[in-house]
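These notes concern the structure reproduced below.
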Amino acid sequence: MDKRDLVIIGGGPAGLSAGIYAARASIDTVLLERGVPGGLVISTHLIENYPGFSEGISGPDLMIQMENQARRFGVDISSANVQRIEIDERKFTLLTDHGGIETGAIILATGVQPQLLGVKGEKELIGRGVSYCATCDGAFFRGKKVAVVGGGDAAVEEAIFLTRFAEKVYIIHRRGELRATKIVQHRAFQNPKIEFIWHGVVDQILGTNSVEGINVRDVRDNSKSLLAVDGVFIYIGSTPNSFLLKEHVKTDDKGYIITDENMLTSQKGIYAAGDVRQKLLRQVVTAVADGAIAAVAAEKYLAEIIF
Ligand code: NAP
C-alpha cells in the first residue's frame with residue numbers, strides 16, 4: 001500500500017492550488033484526479049473576473065497554466081478514482097481503482113457536477129443535442145436554434161457565447177428576473193440573437209436521434225408551447241461531489257461540506273476546498289484561496305501529529 005503524508009483529491013483550481021502550496025512546503029503529497037486536471041473550469045470559454053488577466057483568459061488556458069505550475073514544483077498528479085475512504089483514528093485509507101493509499105491528511109477538492117433537469121428526453125439525448133458545456137459543443141450548432149435553460153451566470157454567459165454560432169438562442173428561465181450578475185445580464189439584453197422566455201420551464205425534450213424541440217410550460221397559467229430547437233444547453237446549478245465524505249463529515253442539506261475558516265471539516269485531518277464546500281461564492285478566485293489555506297492548515301496539522 002502506498003503511503004503519503006497528504007492526499008489531495010481533485011485536480012481543479014482548488015486541488016492544484018493546494019498541490020502547489022503543499023509541494024512548496026515539501027509535504028509528501030499525491031494529487032489524485034479521475035479525469036483530466038482542470039476541473040469544470042475547462043468548460044468555460046472565457047473567465048473575465050480572475051484577477052491578473054486584464055483581457056480575460058480562457059478556462060482551458062488558465063488551467064493548463066495552473067497544472068504546469070503545479071508540476072514545476074513537483075506535484076505528483078496521479079490518475080485514480082477514489083472509491084472509498086476509511087478512517088482509523090488518525091490514519092486514513094483511500095481505496096482507489098489503482099490500489100490503496102494510507103495518509104495522515106486529506107484535502108477533498110472534488111468540486112461539483114451539473115444538475116440534471118430530470119425531464120423526459122434529457123438523458124436519452126445527451127450528446128445528441130442535450131449538452132451541459134457550450135464551450136465543448138457550441139460549434140456544432142452553427143446557424144441553428146438552441147435553448148439555454150437557467151438564469152444564473154453560467155446560463156447567461158454561455159448563452160452569449162453560443163450566439164457566436166447559433167442564429168437564435170432562447171434563454172428559458174423559470175422566473176421573471178435573472179439571477180446572473182448585472183453586467184452579464186446587460187450584455188444578454190443587448191444581444192439581438194438572444195430571446196428570453198420568462199416564467200418558463202422545460203417539461204420534455206423531444207427528438208428521436210437528435211433534439212428536435214422542447215415542450216415549454218408557462219408556470220403562471222400552465223399553458224404549454226412547443227419550441228423548435230436543435231440543441232438544449234442546461235445550466236441550472238450544480239450538485240457537490242461529496243459522496244466520499246458524506247458518512248464521515250458534516251454537510252448541509254444539499255450535500256455541501258461544512259468547514260471552518262481553515263477549511264477543516266468536522267473530522268480532524270480532513271479538509272475540503274473549492275466548490276464542494278458550503279460557501280457564499282463559487283468562483284476560481286475563491287477555489288484557489290481555499291486550496292492554499294487547506295494546504296497550510298494540513299501542513300500544521302501534520303507537523304503536530306508526526307512530530
Ligand atoms: P446558479 O447561480 O445557482 O443559477 C442556477 C439557475 O438555474 C438559477 O437561475 C435557477 O433559477 C435556475 N434553476 C435551478 N433549478 C432549476 C430547475 N429545476 N429548473 C429550471 N431552472 C432552475 O448556478 P450557476 O449559474 O451554475 O452558477 C454557480 C456559481 O458559479 C455561481 O456562484 C456563479 O456566479 C458562478 N459562475 C459560473 C460561471 C460559469 O459556469 N460560466 C460563470 C461565472 C460564475 P432561480 O434563479 O429561480 O433560482
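Computed extension gain for N68 through Q278, at 0.36 nm per residue and net of the alpha carbon distance, reaches 72.8 nm. The length gained on full extension between S79 and N262, counted as 0.36 nm times the residue separation minus their Cα-Cα distance, comes to 63.2 nm.
Where the centre of each part is set by its Cα atoms, how far does region 216-280 sit from region 101-122, in angstrom? Region 216-280 and region 101-122 have Cα centres separated by 9 Å. Over 21 Å apart at the Cα level, from the set K268/K300; K145/K182; K123/K193, are K145/K182; K123/K193. Think of a 1.4 Å ball rolled over the protein heavy atoms: region 116-234 then has 51 Å² of accessible area per residue. A Förster distance of 41 Å, applied to the separation of the beta-carbon atoms of N222 and F140, puts the FRET efficiency at 0.80. For helix 13-24, what angle does its Cα long axis make with the longest principal axis of the chain, in degrees from 0 to 90 and rounded to 10? Computed tilt is about 20 degrees. Here is the size of the chain from its Cα atoms: Rg then Dmax, 21.1, 68 Å. Evaluated at q = 0.11, 0.14, 0.23, 0.24 Å⁻¹, the base-10 log of the normalised Debye intensity for region 32-121, with identical point scatterers placed on the Cα atoms, takes the values -0.48, -0.71, -1.18, -1.22. Using +1 at the C-beta of Lys and Arg and -1 at the C-beta of Asp and Glu, which of F140, I106, L40 has the Cα lying farthest in the positive direction of the dipole of region 34-153? Value: F140. Helical runs (DSSP H, four residues minimum) scored at -39500 (n - 2.57) apiece and divided by the length of the chain put the mean residue ellipticity at 222 nm at -7500 deg cm²/dmol.
With both labels modelled 7 Å from their Cα along Cα-to-Cβ, the E247 to H98 distance reads 2.5 nm.
The overall shape of region 116-234 is oblate: from the C-alpha gyration tensor, with semi-axes ordered a ≥ b ≥ c, the ratio a/c is 1.5 or greater and a/b is no larger than b/c. Specify the angular offset, from 0 to 90 degrees and rounded to the nearest 10, of the alpha carbon long axis of helix 153-162 from the longest principal axis of the alpha carbons in the chain. Relative to the chain, helix 153-162 is tipped by roughly 60 degrees. Exposed loop sites are taken as GluC sites (Glu not before Pro) in a DSSP loop (any state but H, G, I, E or B) with at most 11 other beta carbon atoms within 10 Å; the longest stretch of the chain without one runs 90-176.
Atom-type composition of the exposed protein surface of the chain places 49 percent of the accessible area on carbon and sulfur (1.4 angstrom probe). What the Cβ-Cβ distance of R90 and D203 gives, at R0 = 51 Å and to the nearest 0.05, is a FRET efficiency of 0.50.
In this simple spin-label model, placing a label point 7 Å from the Cα along the Cα-to-Cβ direction at both S210 and S26 gives a separation of 5.8 nm.
The values are calculated or read from the model by the stated rules, or taken from the named source; none is laboratory data. Predicted model, so just to flag it, every value in this text is computed and none were measured. Cβ coordinates were reconstructed from backbone atoms using ideal geometry, including for glycine residues, and neighbour counts include every protein chain displayed. Side chains included, ligands, DNA and RNA excluded: accessible areas come from the protein's heavy atoms. Shrake-Rupley method; radii C 1.70, N 1.55, O 1.52, S 1.80 Å.
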